[in-house]
Every structure is written in C-alpha cells, then in structure tokens.
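Values quoted throughout were computed directly from the atomic coordinates according to the rules given, and no laboratory measurement underlies them. Predicted model, so just to flag it, every value in this text is computed and none were measured. FYI the Cβ positions are ideal-geometry reconstructions off the backbone, even for glycines, and counts take in every protein chain you see.
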Ligand SMILES: *Cc1c(COP(=O)(O)O)cnc(C)c1O
C-alpha cells in the first residue's frame, strides 16, 4: 500500500472528524455566506505526483476552492428550483459513500430493499397507489427520459413492434403533445431518438401555462386513432401552473395515449392540504417524474421515476447476462434504469423521511409556500414591481414596473446577486422579461424573505 494510503487508513476516524468539523463550520456559516461567489480561483494546477493525503487535500480545498463555492444550499438562494440538504439527508448521503453499496442487484446486500421501502414511502407521500412501481434515478431529466422510454415502448406495443428490439426505424414518428413542457422533455426526446421535433406544443389556457384540455382533445382527435404520448405538467417552472390531470386522464377513454406527468417539484403540493388539489389525478398517470434533490431537500443527485408498466420498462432497460442474471418477476434495479452500477441514492431520502416524517416535510412545503405568497403580496403592492402570475405554490414570477427590457431585468438581477443577499434567475414569461423567485429550501424563514425583498427594492431603486 502506498504510504499515504496507509497513513490515511490508520488515521481514518481522526480524518473523518476533521472533515465533519470542516463541514459543520461551513454549514454554520451558510446563512451568512455570499449567496453567489466569483467562481474559479485562477489557473488550473498540475496533478501532484506525490499526494498530500486527506489532510493536505482538505487544507488545499478549504484555501483554494471553498471560497468560490456558492451558498446555493442556503436560505436565500431562490434561483431555479434548488433546495438544500437537511441534516438527516446529509447524514444519509455520507453513509451512502461510507458503505459504498452498488445497488444494481440484490445479491448479498439489503441495500436494494431499502430503496424499495423508500419508494413505497414516497408513493404514499405523493398519493400514488401500489400499481406504480418506482426506481431511483439521478434527477428529473433522467426520470423524464426513463418515463418517455417506457412510453415509446408502449407506442410500439400498440403498433405491434418492439422498439427496444428492432429500433426506431420499425416504429416511425411519434406524436408527443404538451402544453408547457420543461426543456428536459426535448432533451429526453433527443436522446431517445424520437427527436426534439416530435414535441408539439398544445394551446394553453388564456394567460396560463396549463394546457387547454379541449385543444388537447382536438389534437388527439386529429391523430385518427394513432397512439400518442401526452406529457402533462404538474408545476411549470415559470408560474408553477398545473394541468388538469384528471380531465386529461379521462381523455384516454376516447383516444389512445400514454400519459406521462412531469411533477418534478409540483408533486410536493400533495403534502399540503391547501394545495393538494393541484395534483388531483396524479395517480392516473402511466408514468410520473418526481425530483428529490429539489423539494425533499436531499443532496444532488436524486429523483424517482414511477410507472404502471414495469414490464415495458424492463424491455427497455434490461441488462441480462450470465453473470448478472435475467430479469425475473421482481427485477433487480440493473434492469430498470439507464445505469448498471448505481449508488444507494435512496439512503439520504430514507434518512430524511425517517427523521422528519410526513409532518416535517409538510411543514417545509407549507412554510415555503407561505413565504412565496408573502413575497408575492409585497411585490404586488410595490409600485416598482409587477406580479406576472398568481403565486399558486412556491414560485413568484414578477418583473419591474412599466415595460422593462431584458437588460433592465438582467441589471436588476446582477445588482441583487452582487449584494450577496439573494440569488434569483431570469425567465421570459408571455414575452415579458421576468424574474422567478423559487422557494424550496428547508432553512428559509420570514427573515430571509424580508432580506430578499429589501435586496430587490434596493436594486430596483438603484436603476
Ligand atoms: C428541475 C426540473 C426538471 C429537471 O430536473 P433535473 O433534476 O435538473 O434533471 C424537469 N422538469 C421540471 C418541471 C423541473 O422543475
């Protein structure tokens, strides 16, 4: 063994304590850390020939890289839909690495069973029934990819071809219909060979991002019985609008289509009695995407993919070989997802759900929604700003008063970011350059919202 490895092995408990202390120090300062930082520390360093051990690496990291890492896990990072990591989730993540299980199969470890227990809990949390089988994947983009791969196989089944066996040429073009699909849907269609061009945007309701179900019915009728894929949206990123899932599902009595629901963060509406109606009908979906590294506040990378047709999922992803075995009644994870070898990404979620339960996670969701509503109300009442949509859940979509140009909004966001107080991301909504403030972090309190509001007011006043 190389001497550095030998020394580290001998001192492992002490080294883990040092790393723990470092992490505790960083997390204690998270709320006061600048929300965004300038980035890379300068030119790249050469690879060391003689390493400096874990001690040396920790020292160099703290000195050289740590200052450039953002406070994105903190309470006033409202960009994208981000979330942080609760203490229990972090503990689960550390132990995931410590045990370093390969959850590709069930041979000789209970890790895959822990994943299944966690999937069952999540199903309950989001109001899904037993008919939805689930698997952990790396994020909502991969979850959408897997859901649409199953959808593709389903269209093949209807047309009497196996796409996974005979390839796309045997299938021909597929119609994918959606009102306001997330960009990751286009990416998934690209990877699956269906093509970004397969996605057809269906008219949305006036002033909304929710699909017009009557328009969707017309589009489906025009397909003349050709099986299609409908991507319904349960929480759009701009205004967190929700398609009428029940009404869309009911269309299956008249038209053949696979219903995939992208509920990346919107599924968490189910945890709040005041908002649960937004995801009414989610259980009727053929496949569902839910992100966990956003609103469950587990570290990256974690999401789940649910489907009612596990057989078709196995058709797409099975990896049979003499040494791995063939998929049987309850297939190993290796047969369900793009990866073969995979980390136990269920463990942080298991820890979080065990530590805080349904009530703890409901409190996070409700507090985030309450703060979003409060920020929305304050901005609506402020003559410097204009709200662009009602705050339906956890995102405030707004812009500057008057007719702001893109550069005005960009300048506003630059000033806010430079204050170190908050980070928000831009969008364009209904042709208007706009800003989104997305609440999904477990640490965010009313004090943080007040600081965000003050930073926005100062930045708008400075223009
Ligand atoms: C974030 C998000 C995605 C993509 O999620 P990743 O975890 O970044 O892959 C997909 N759909 C919606 C609605 C999202 O909010």
* Would you check which residues across the stretch 42-56 are surrounded by 14 or more Cβ atoms within 10 Å (Cβ to Cβ) and under 33 Å from the mean Cα position of the chain (by Cα) and list them? => 54
* Considering only residues that are more than 16 Å from the ligand (Cβ to nearest atom) and within 13 Å of residue 245 (Cβ to Cβ), look in the stretch 262-287 and name the one that is surrounded by the fewest Cβ atoms within 10 Å (Cβ to Cβ). => 277
* Asked: Taking the stretch 214-245 on its own, how many of its residues are farther than 20 Å from residue 395 by Cβ and either touching a strand residue (DSSP E or B) at 6+ places or on another chain (Cβ under 9 Å) or in a helix (DSSP H, G or I) (or both)?
  -> 14
* Output for the stretch 288-305, where each listed residue is buried (at least 24 other Cβ atoms within 10 Å of the Cβ), in a loop (DSSP other than H, G, I, E, B) and either without any contact (Cβ under 8 Å) to a residue 12 or more places away in the chain or near the ligand (Cβ under 8 Å from one of its atoms) (or both) -> 293, 294
* Any residue in the stretch 333-350 that is free of Cβ contacts under 8 Å to residues at least 24 places away in the same chain and buried (at least 23 other Cβ atoms within 10 Å of the Cβ)? -> yes
* Asked: In the stretch 117-196, which helices (runs of 4 or more DSSP H) lie fully inside it and hold 3 or more residues that are away from the ligand (no atom under 16 Å from the Cβ)?
  -> 140-159, 163-166
* Search result, residues across the stretch 246-287 that are under 21 Å from residue 176 (Cα atoms) and assigned to a loop (DSSP other than H, G, I, E, B) -> 254, 255, 256, 263, 264, 281, 285, 286
* Residue list for the stretch 59-89, restricted to those being touching a residue at least 40 places away in the same chain (Cβ under 8 Å) and more than 27 Å from residue 240 (Cβ to Cβ) -> 62, 66, 87
* Name the residues in the stretch 220-237 that are within 16 Å of the ligand (Cβ to nearest atom) and on the phi > 0 side of the Ramachandran plot, would you? -> 235
